[in-house]
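Just below is one structure, and these are the notes that go with it.
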Amino acid sequence: MAGDPPSEIQIRVPPRQGGNMIHPVEVDTAPLPSSSTPTPMIYREVKHFKKWFPWLIPTFVVANVIMFLITMYVNDCPKNSVSCVAGFLGRFSFQPFKENPLLGPSSSTLEKMGALDVSKVVHKHQGWRLISCIWLHGGVFHILANMLSLLVIGIRLEQEFGFVRIGLLYIISGLGGSLLSALFIQSNISVGASGALFGLLGGMLSELITNWTIYANKVAALLTLVVIIVLNLAVGILPHVDNFAHIGGFLSGFLLGFVFLIRPQFGWVSQRYAAPGYSSISAKPKFKMYQCILWVASLILLIVGFTVGLVILLRGVDLNDECSWCHYLSCVPTSRWSCNTQPVSCLADQTSDQLTLTCSSTGKSKTYALSNATTSQIRGLCSLLCH
């Protein structure tokens, strides 16, 4: 009507995490009949950028903690070992520090619970271990570090993208980490959610790249994230850390981020939620060309990578035979530590009330006052003797 103030279309851009990401919101306008009264603006969140309630990541944390408690219950250190740490915890007490410095169960218990054991995957068709191992942890320190990281990284991502996409990103990245680990580390078992966690970090990086146009402080955000990723991967060169799981999870998550975490461009959202009567000279596409190219290329690389990886794993291929230097990606030997992680073995001689063990690698021998020693007890004592 003549004399009415024109409806005004605005896009509010509240910051996320220190003013880094722009979130368009829908605007409803209601012009009043009096020209002297300002037009009230009612803001509603656009569905493409709505905040989700994070429940899946906390559920994952609870599931990991429950699995750790079950593992410790099954471990039953007082029954299966000569000495235990924190014996007042009963069957929840920990293996000796020399055997497991992370305050956790024995390797035989982890293997029983579903740790990644390549020989069982290849020769006994237990492919489920590629997934089950990401729900197991080697000790209290291990699970604390992983679960705190999962809460910090995962909740933020689930709030932004929802439980379906982040749940798939977590699980598939964990599988990718297990797969690369199995192709390079075939003499030891592997457990932990680190591959899935690095997948979330990889997804954050590709999400920043593919949604580049809706970010403020782009370069600062990119540099910060890259530094965090590089520092975390650098930790993987220490002994007894499965950096191949980290690298496999990161690469999987990085590619998955281009597929799952793509956002519509700002111009398309503005057009879609504009009030009637407001039209643009040219219609904006929902996604930019580079986003579509990255989506297609990443999907192809994921399908090919997982297919080829599974095929060569099930054929029993050890990629260390094809890459003589790749083992340095997981451990770099120095004067302070060795990267020799070959499993220990001992010769056992059981008499009526004594057990004599001789470490095969060091030649050290020791006699224990132990009758009818179980396999778990022998393994634990062997580990202590050889370290």
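A few comments on the model shown:
- Scope the stretch 57-66; condition surrounded by fewer than 18 Cβ atoms within 10 Å (Cβ to Cβ) and in contact with a Gly (Cβ under 9 Å, 6 or more places away or on another chain); matching residues: Pro58
- Among residues of the stretch 87-101 that are free of Cβ contacts under 8 Å to residues at least 40 places away in the same chain, those with a beta-carbon under 6 Å from a residue that is of a type in the set (Asp, Glu) at least six positions away or on a different chain give the pairs Arg91/Asp76.
- The stretch 108-128, subset in contact with an Asp or Glu (Cβ under 8 Å, 6 or more places away or on another chain) and touching a residue at least 40 places away in the same chain (Cβ under 8 Å), residue nearest to Phe184 (Cα to Cα): Asp117
- Residue count, the stretch 212-231 (criterion: in contact with a Pro (Cβ under 9 Å, 6 or more places away or on another chain) and either in a helix (DSSP H, G or I) or buried (at least 18 other Cβ atoms within 10 Å of the Cβ) (or both)): 1
- All positions within the stretch 159-174 that are assigned to a helix (DSSP H, G or I) and surrounded by fewer than 24 Cβ atoms within 10 Å (Cβ to Cβ): Gln159, Glu160, Phe161, Phe163, Val164, Arg165, Gly167, Leu168, Ile171, Ile172
Coordinate-derived values only; no laboratory data. The model shown is predicted, which means the values in this text are computed figures rather than measured ones. With ideal geometry, Cβ positions are generated from the backbone for all residues, glycine too; neighbour counts draw on all protein chains shown.
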